[in-house]
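All of the numbers you see were taken from the coordinates with simple rules; none came from a lab. Keep in mind it's a predicted model, so treat the numbers as computed, not measured. Neighbour counts run over all protein chains shown; Cβ positions are idealised from the backbone, glycine included.
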Amino acid sequence: MSNPANRSDLNPAQPDDEAVAANQIWTKTVAFLWQLRIHYPLYFVFLFIFLVLAVAMYVLVQPVYTASAIIGPPSQSSATSMLSSGLDGGAGSTFKRLLGGATGSTGNDSFQEYQQVLHSSRLAAQLAEEDGLLPKLFSEQWDAEHKRWRAEGDPNGFSANLKRALHRPVVLHPDANTLEDVLGHMFSVSAAPSSSASLLSMGTSYMIVTLKYRDPQEAENLLNIVLSRADAIIRQDQQRDVVARISYIESELPTITQAEQREALIQILSSQEEQKTMMVADKRFSFTMIDPPHASPIPTFPMRPSSTFLLSAFAALVSMALVVYLGTISSWVRKLILPFRRDRKRSARQPAGRGQRVPNALQS
């Protein structure tokens, strides 16, 4: 009987499985790169196609411009400062409690309320009713000559009845809800970068507001309208509260007999009158405009031509690689890209192996 220890000498050495797999991957990679090299005209074909599509996009697509502004909390008014500093005594505290503890809001409070209003449906409703933004934003549906909306579908048609059956609103023309949806895509509020916030506000939160529109000047105007209308909403609410406080104090003042309480109440009344005057006189009440709305004449969409060219070049490379790969597994695609193969004429005149270096994986 043969010795089992000598059986390994009768068989050839078995290569490592990992080395074989790595060698196969390398061979296939080199073969695929060679296919890309000999089909390089395909790259210029795809590059031309993508560049034509990019030019068509620049010509046909409506450009979008972005207007931006930096806003911050308002400075505390002198009336509020006076009220806060001068009414810390016993009588003053008593009447501040009688007024609900809110004789005046600080700048940060009004600014936080202002940020909430910027995303509210109340703002969209007032922009539609008071500022007339609907005909401007939906001009293609607005009949400017007759001052009415163009008919959009039959209110008694099949689609309208189907919406009613599904408990969905039947919208025949743009309304405040439509405007709110559009503003949700056009308008955005974000915190200023930390470097800008530290330089501008020394720790106070400043905000960057942006609005996108098809015209740079109109984008600036619309952003101004939105910011001003939100400020007007806060101002009206505060004015209503101040007027209510003044009316209450004036009605209670004749009934106060103690000198200390009467003096404190007169001081509160004077502060509220001053605050009411400043609310009417100040240009902005609930925010400070650090950087007014500005839109660059360069659109944010489509992107810059240089970026479009780089993206087209990358897309052409990916498309070429995909087509060449399909050519390795599909005979129909291989025949289709055969005219773009640059070595086919030389291969017909000269056999492989004589002056022509071709990977072994491609000699078949």
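Run the quick spin-label model on residue 147 and residue 34: label points 7 Å from Cα toward the beta carbon, then report their separation in nm to one decimal.
Spacing of the two 7 Å Cα→Cβ label points: 8.0 nm.
Compute the FRET efficiency between residue 300 and residue 205 as 1/(1 + (r/R0)^6), taking r as their Cβ-Cβ distance and R0 = 22 Å, and round to the nearest 0.05.
0.30
Give 212/276; 212/283; 28/335; 147/276; 147/283 a once-over and call out the pairs whose C-alpha atoms are over 29 Å from each other.
Violating the 29 Å Cα-Cα cut-off are 212/276; 147/276; 147/283.
Could you rank the peptides 297-303, 214-220, 69-75 by their average count of other C-beta atoms within 10 Å per residue, with the highest value first?
69-75, 214-220, 297-303
Work out the FRET efficiency for residue 129 and residue 343 from their Cβ-Cβ distance, taking R0 = 56 Å, and round it to the nearest 0.05.
0.20
Give the calculated FRET efficiency between residue 330 and residue 228 to the nearest 0.05, with a Förster radius of 56 Å applied to their Cβ-Cβ distance.
0.35
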